[in-house]
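Q: Next up is a structure, given as structure tokens.
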Amino acid sequence: MRARLLLVAASTGLLSACSVFSPVPAWELLKATSSVGSTALAYGSSRASQTVHHGDAPVTALCIAYQRDTPAPDFVPALQAELRELRISSRVYEGAPAAQPACQVWLHYSVQLEWGTPPLSSGYQAYIQSASLSLRQADGRVMASSSYQLDARFGIGRWASTRSKLAPLVKALITGFEN
């Protein structure tokens, strides 16, 4: 018995952080499970919605109409990465589409950000609340459009990366199929 006490005392002394022994282990397990569950929902997957595709020929190259006032600095790089995944080359231009006669297809976007505190963090960060993409021919005719809206009830995917939010949106825009 004395050897056991010495072993427990030695083991406790080797701990690098505080240990809390709860009289109700089931309650501690429930708290840990709910924390893991809410974190999983916050970083969950996103979905495209309201997709309209007019069945035009497949796009292999396009120009992105850069929006200087978009407050998400990683939006255009994430957009281009997803286009590369679909083997579509892209260039980014600022200004009127008519000023670039070499561009036959234009991608226009709009983004709305919100602020909040991510799980296990203490500082505020911006996240994408909604995004809309549209493909247009050089003359302005809409070829396809799709949008993303954060789930208002549960906030599923609120803290997911910009690229993971854009992936289903870009795929729906190019193929016409949501998720």
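Q: Sort out which residues of region 80-114 are part of a strand (DSSP E or B) and within 14 Å of the chain's Cα centre (by Cα), and write them in order of number.
A: Scanning region 80-114 gives 111, 112, 113, 114.
Q: Can you tell me which residue is nearest to residue 75 (Cα to Cα) among those in region 115-155 that are small (Gly, Ala, Ser) and outside any strand (DSSP E or B)?
A: Per the stated criteria, the residue is 155.
Q: Let me ask you something else. Filtering region 137-179 down to residues that are within 11 Å of residue 53 (Cα to Cα) and of a type outside the set (A, V, I, L, M, F, W, C), which residue is surrounded by the most Cβ atoms within 10 Å (Cβ to Cβ)?
A: 146
Q: Could we say that residue 129 is surrounded by fewer than 20 Cβ atoms within 10 Å (Cβ to Cβ) and touching a Ser or Thr at 6+ places or on another chain (Cβ under 9 Å) here?
A: no
Q: Within region 82-123, how many residues turn out to be aromatic (Phe, Trp, Tyr) and loosely packed, with under 11 Cβ neighbours inside 10 Å?
A: So the answer is 1.
Q: Considering region 115-145 alone, what residues qualify as being closer than 15 Å to residue 64 by Cβ and more than 22 Å from the chain's Cα centre (by Cα)?
A: Result: 136, 137, 138, 143.
No value in this document is a laboratory result; all are computed from the given coordinates. All figures in this text were calculated on a predicted structure; none of them were measured in a lab. In this analysis, Cβ positions are derived from the backbone assuming ideal geometry, glycine residues included, and neighbour counts consider all displayed protein chains.
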